[in-house]
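Heads up, the thing below is written out as structure tokens.
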Amino acid sequence: SPVREQAAPTATPALETSAFGRDLLRAFSVRPREISPKYFYDAEGSRLFDRICDLPEYYPTRCEREVLGRHAGDIAGELGADVEIVEFGAGSCEKVRLLLDALQRPRRFRPIDISAEHLDAAAAGLRRDYPGLDVQPMAADYTRRLLLPAPEPGVRRVGFFPGSTIGNFTPREALAFMRMAAQVLRGGGLLLGADLVKAPEVLHAAYNDSQGVTAAFNLNLLARANRELGTRFDLEAFDHAAFYNAPLQRIEMHLASRREQEVTLGERRFTLREGETLHTENSHKFTPERLRLLAMRAGFRPGPIWFDRRRWFCVQWMMS
Ligand code: AVI
């Protein structure tokens, strides 16, 4: 029957027609094998990431909230009144509430996220809780060039990029994003959250939690491929591997083959040796100096930087 034919193991057209499929094929064809971490975030991956943010070992979310809460007055003073906030990768729009609560007369909020569903629900919640705020969600890939209508006279556009998502870019991608942001935010500025270099044990624990949520998040990349692309990855045949690469100041996440195995992707077959990995994510850690340098190279003028009590995380203000 036609239904049977669709379910046949070689019927995996999405491998060639979707960006995820093409990038997965490419990832297995090159050495080292690597794929962009953006593919973690389907509905299940976003749910797992929300759980990560609540884990005892995963300190960045709590630390950033502490910074935004402790320094709310100073931050609001730098940003000024009558601002339009553009959030890059807004997700559930929870952190911006700390900012909105501190600001004087925030005029407009433009959350930008790749996932439209997530955005619309979050926007409805914000409209309910901030009746005077003009909420204009935009479903878009914020790493691409953004075209936004100019804010009205007297309104200053301010970017918000929390969570140290900047650390998931390669240094080259980070600079390209920051240059694009500097243009979009001309006349205003950017509030950037970044995770800081710290004791390797603390970093290691944050990406190797005892409940295995980060492992499930990492493995979800293969589970997602099975769901969306019709691949047949055996999830039991891969281990979550996360470690701190000190010379490059980054956490690396990999999926390591537990044994020699053959992976079939559509018509193609790849052999993985025991221990061979697919590199799924980098999470760069920063020093305040490196952040300033990045800001300046992108065309921003760095302003104040705020920290949590332990100095594990920072929020840097920069003007454009
Ligand atoms: C979204 N991003 C900043 C997280 C991070 O820490 O790099 C993603 C993450 N990966 C594993 N745990 C959390």
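Tabulated data for the structure shown
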| read-out | value |
| --- | --- |
| Computed helical MRE - 222 nm, the chain, DSSP H runs ≥ 4 contributing -39500 (n - 2.57), nearest 500 | -11000 deg cm²/dmol |
| Solvent accessible area, Å² - D54, 1.4 Å probe, full protein context | 120 Å² |
| Per residue solvent-accessible surface (Å²) - the stretch 253-320, probe of 1.4 Å | 50 Å² |
| Mean-position separation - Cα centroids, the stretch 217-290 and the stretch 86-155, in angstrom | 33 Å |
| Residue-span extension gain [R292 to A205] - 0.36 nm each, minus C-alpha spacing | 28.6 nm |
| Cα→Cβ-extended label distance, 7 Å offset, between D50 and E274, nm | 4.1 nm |
| Probe 1.4 Å, protein heavy atoms only - accessible area per residue of the stretch 11-106 in square angstrom | 44 Å² |
| Convex hull volume per residue for the chain, taking Cα atoms only, in Å³ | 147 Å³ |
| The chain, relative contact order [Cα under 8 Å, separation at least 6], % | 22 percent |
| Dipole magnitude (debye, nearest 20) for the stretch 261-320, charges at Cβ of Lys, Arg, Asp, Glu | 520 debye |
| Apportionment of accessible area to carbon and sulfur, the chain, percent (1.4 Å) | 51 percent |
| Most to least accessible of M253, M138 (protein chains only, probe 1.4 Å) | M138, M253 |
| Prolate/oblate/rounded label for the stretch 65-176 (Cα gyration tensor, a/c 1.5) | rounded |
| Mean accessible surface per residue for the stretch 131-251, computed with a 1.4 Å probe while every protein chain stays in place, in Å² | 44 Å² |
| Distance between modelled label sites at R310 and Q136, nm, 7 Å Cα→Cβ extension | 4.0 nm |
| Cα-centred dipole magnitude for the stretch 21-179, charges only on beta-carbon of K, R (+1) and D, E (-1), debye, nearest 20 | 480 debye |
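The values are calculated or read from the model by the stated rules, or taken from the named source; none is laboratory data. Given the structure is predicted, the values throughout are model-derived calculations rather than measurements. Every residue, glycine as well, gets a Cβ built from its backbone with ideal geometry; the counts of neighbours run over all protein chains shown. Only protein heavy atoms, including side chains, enter the accessible area calculation; ligands, DNA and RNA are left aside. Shrake-Rupley method; radii C 1.70, N 1.55, O 1.52, S 1.80 Å.
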